[in-house]
2 protein chains.
Amino acid sequence: MFPEQVQFNANKWLRATGDLADVVLTSRIRLARNLQDVPFTRWALPDDLASVTARFRRVASGTAELAGMAVIDFPRLDALEKEFLCERHLISREFVEGKKESLLTLNSDETISIMVNEEDHLRIQAIRSGVDLQAAWEELNAIDDVLEKGMRFAFDERWGYLTACPTNIGTGMRCSVMLHLPGMVLTQRIDKVLSAAAQLNLAVRGFFGEGSENTGNLFQISNQITLGATEEELIQKIANIAEQIAKDERRVQRELRKHAARLIEDRVWRAYGLLTNARLLTSREVLENLSDIRLGISLGLVEHVDFRTCNEILFYAQPAHLQRMAGQPMEASDRDAFRADYVRRNLTKENP
Amino acid sequence: MFPEQVQFNANKWLRATGDLADVVLTSRIRLARNLQDVPFTRWALPDDLASVTARFRRVASGTAELAGMAVIDFPRLDALEKEFLCERHLISREFVEGKKESLLTLNSDETISIMVNEEDHLRIQAIRSGVDLQAAWEELNAIDDVLEKGMRFAFDERWGYLTACPTNIGTGMRCSVMLHLPGMVLTQRIDKVLSAAAQLNLAVRGFFGEGSENTGNLFQISNQITLGATEEELIQKIANIAEQIAKDERRVQRELRKHAARLIEDRVWRAYGLLTNARLLTSREVLENLSDIRLGISLGLVEHVDFRTCNEILFYAQPAHLQRMAGQPMEASDRDAFRADYVRRNLTKENP
């Protein structure tokens, strides 16, 4: 059971506020931190892990910034609750599958989440709607400062923060934006965007993280290099690139509207027709067709649906979200029926 | 230009009246007749053909049964008008492509059409909605009698009516029903139906006639044998079989509703969503998805659309029908857009 502080109903990071929110769904930053005097999680003994969670609990309860947050004994959550958090991008797949003593801390807005005893002792994440990296960073930085005051982090003068995996060393920071790029995909310019990102040492992933394809034309772009630049520089770089790609995407969408109006309108309304009429829908169908509806909103074709609704459906149509909504576990075919009902209810004009 | 008598707006044979009209769209009977003293059309000289049309005109204008009908100098129709008549199943493909002197006679309801100088000198057709072969036969028979009084037909005491193709010899009659069998196709029982028809010496064709597949789950079943039985016997045979198949189809549909409700509902509403939202639709898409909507009407799922509307869309969404509706020739992509608008306007709830 989740504690009272977190009800997962604010959806603040899904509200399609923030800059360029038509293209940039979310901005995320996470920091990797480890205690100086405890082996990394993978090699830690049970007592070591218990000491990490105990010290985290003490610091969390003793500081104003963290006192209001829920501290959850993670292994006691049931499988559905864990999956729900993972679908929500509040925790990692690795954390779900971990068997060790661990904690999850969340604020009520879900804009801050802290995993204790993931690959690193601490993984601190801030998530925001649209391009909003600066604000995310300020919130994250303040929490990092508070935590650092209470528990000494492994830090090397030359290398910076030390992490379990060398790819995180230095700032320990991974900064990412989730972009919706239907125009780039439709006009086959996406490969250019992706290779430009690669040249800038940025990693590109799908909606479901590493290894996932570009289902629904969603792309997560993040820094691969954590070393040799300040946090502010890394953030600025991602923010600049997100802004550049988003503006290019807008331009391409306008061109499509101008030069292929009929095909685009047909595509958008077919997607709308499917999602508002099907009685069985898979996750993939929702993801793919929601992409066309977002495009339709951008182009002013679909007027009664907004980006916030699309963002919410994107997350809530996932299996664990649906089962939580239904209040019970469901088999795949029942989920498909429940998903179709949920999506239809939220997209149809009669029922905004 | 078509004469004033025929406006093609009654659609009497598309009204889904008549027995079993949920499954049986139309009943058709046609008679093949030839003048005794003129070579068959294929071998006839221009003067021969002119003599056939002249004699037909004379008889037509001199009898009450035919006097009200339009007699059209067929070669003077433009290509779109010819195609329109062919799509409407009032004339044959062969007649469209013929270059010779020919006439087409139609009553204002389009329930009677007479081709002069098709493969046979006369092809007289009656078309009705639902299973209504007896009434079609009575109307057709009366016209045949009138014509026979005015022009002597080639008739042999032993063989019956002589025709250009031996497959029509005897009664010269082809009697057919167009069946919509989505339940049989979905449950893969259609092969049994078709092989049973073949054993009874019946021919099965698609909506577009010989060689066409079963697009839209539509099947035309007709007698292959024209010899050795009376017209009444042939008609009764087709009527019995149509009734038997239609009742089996209804039963199968009820089973589907009972045992696969979700899948069927999903199928029906997806089709509805597509046809009421797409901005570009091909003929084939209309045919295929209309089939699911008809099934939805049969099962009580789609309540605001009726079979008559489906029948009309089936015919009016064809290329020449659309162009006639638009009042101008259109290229394929413009037709797809016009078709989508037409179909959407006629199927959506808001605009019954």
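Converting phi to 3J(HN,Hα) with the Karplus coefficients 6.51, -1.76 and 1.60 and the offset θ = phi - 60°, the range B:305-313 yields 10, 10, 5, 4, 4, 4, 4, 5, 4 Hz in sequence order, with x at every glycine or proline. The distance from the alpha carbon centre of the range A:184-202 to that of the range A:19-47 is 27 Å, rounded to a whole number. What residue among B:Arg308, B:Arg158, B:Arg123 shows peak mean-square fluctuation when chain B is described by a Gaussian network model with Cα springs under 10 Å? Maximum fluctuation in the GNM of chain B, among the listed residues, is at B:Arg158.
With each label modelled as a point 7 angstrom along the Cα→C-beta vector, the B:Asp78-A:Gln134 pair spans 6.5 nm.
Just how large is the dipole of the range A:284-352 about the Cα centre, in debye to the nearest 20, putting +1 at every Lys and Arg Cβ and -1 at every Asp and Glu Cβ? Before the final figure, lay out the partial values.
Working: 9 positive and 11 negative charges, 31 e Å.
In total the dipole reaches around 140 debye.
Couplings for the range A:257-265, taken from phi via the Karplus curve 6.51 cos²θ - 1.76 cosθ + 1.60 with θ = phi - 60°, read 4, 6, 9, 9, 3, 4, 5, 5, 4 Hz in order; Gly and Pro are left as x. Amide hydrogen proximity for A:Gln220: with H placed 1.01 Å from N in the peptide plane, the residues at 5 or more positions away or on another chain lying under 5 Å are A:Leu179, A:Arg205, A:Gly206. On C-alpha positions alone, give me the angle between the axis of helix A:283-298 and the longest principal axis of chain A, in degrees, nearest 10. Tilt of helix A:283-298: around 70 degrees.
Please arrange B:Trp13, B:Trp137, A:Trp159, A:Trp43 by counting, for each residue, the other beta carbons lying within 10 Å of its beta carbon, fewest first. It would help to have the intermediate numbers written out before the result.
Working: B:Trp13 27, B:Trp137 24, A:Trp159 13, A:Trp43 9.
With the fewest neighbours first, B:Trp13, B:Trp137, A:Trp159, A:Trp43 line up as A:Trp43, A:Trp159, B:Trp137, B:Trp13.
Simple point charges give the picture: +1 on the Cβ of Lys and Arg, -1 on the Cβ of Asp and Glu, and for the protein assembly as shown a dipole about the Cα centre of about 100 debye.
The amide H of B:Ala21, built 1.01 Å from its N in the peptide plane, has B:Val131 as neighbours under 5 Å, considering only residues 5 or more places off or on other chains. Shortest first, B:Glu94 label-point distances to identical copies amount to 7.7 nm, with the label point at 7 Å from Cα along Cα→Cβ.
Which order do B:Arg251, B:Arg55 fall in if you start with the one that has the fewest other Cβ atoms within 10 Å? Don't skip to the answer; put the middle values down first.
Numbers: B:Arg251 11, B:Arg55 18.
Exposure proxy ranking, most exposed first: B:Arg251, B:Arg55.
Label-point spacing at A:Lys258 relative to the other copies reads 6.1 nm, in ascending order, each point sitting 7 Å out from Cα along Cα→Cβ. Looking down the axis that turns chain B into chain A, the chain B residue with its beta carbon nearest that axis, and the gap rounded to whole angstrom, comes out as B:Gly273, 2.
Under 1.5 on a/c is rounded, so check that first for chain B, then, if it is not, pick prolate when a/b is larger than b/c and oblate when it is not; a ≥ b ≥ c are the square roots of the alpha carbon gyration tensor eigenvalues. Let's see the in-between values first.
Working: a/c = 2.26, a/b = 1.45, b/c = 1.56.
It is oblate, given that a/c is not under 1.5 and a/b is not larger than b/c.
Taking only the Cα atoms of the range B:157-297, the radius of gyration and Dmax are 18.0, 60 Å.
Once every DSSP H run of n ≥ 4 in chain A is given -39500 (n - 2.57) and the sum is divided by its residues, what mean residue ellipticity at 222 nm do you get, rounded to the nearest 500 deg cm²/dmol?
Details: 13 runs with 162 residues, N = 352.
Mean residue ellipticity at 222 nm (helix-derived): -14500 deg cm²/dmol.
Assuming R0 = 25 Å, can you tell me the calculated FRET efficiency for the pair B:Thr215 and B:Thr187, based on Cβ-Cβ distance, to the nearest 0.05? Efficiency, rounded to the nearest 0.05: 0.85.
May I ask you to derive the FRET efficiency for B:Asn240 and B:Thr167 from their Cβ-Cβ distance with R0 = 22 Å, giving the value to the nearest 0.05?
On the way: r = 22 Å, r/R0 = 1.01.
Plugging the Cβ-Cβ distance into 1/(1 + (r/R0)^6) gives 0.50.
Distance from the Cα centroid of the range A:236-279 to that of the range B:63-79 is 54 Å (rounded to whole angstrom).
For B:Arg158, the distances from its label point to the matching points in the remaining copies are 11.5 nm, ordered from shortest, with each point set 7 Å beyond Cα toward Cβ.
Couplings 3J(HN,Hα) for the range B:316-324, derived from phi with the Karplus relation 6.51 cos²θ - 1.76 cosθ + 1.60 (θ = phi - 60°), are 6, 7, 6, x, 5, 4, 5, 5, 5 Hz, where x marks Gly and Pro.
Averaged over peptide A:252-265, the number of partner chain Cβ atoms lying within 10 Å of each residue's Cβ comes to 1.
Since every read-out is calculated from the coordinates, none of them should be taken as a lab result. For clarity, every value in this text was computed on a predicted model and none was experimentally measured. Note that we place each Cβ from the backbone using ideal geometry, even for glycine, and neighbour counts take in every protein chain shown.
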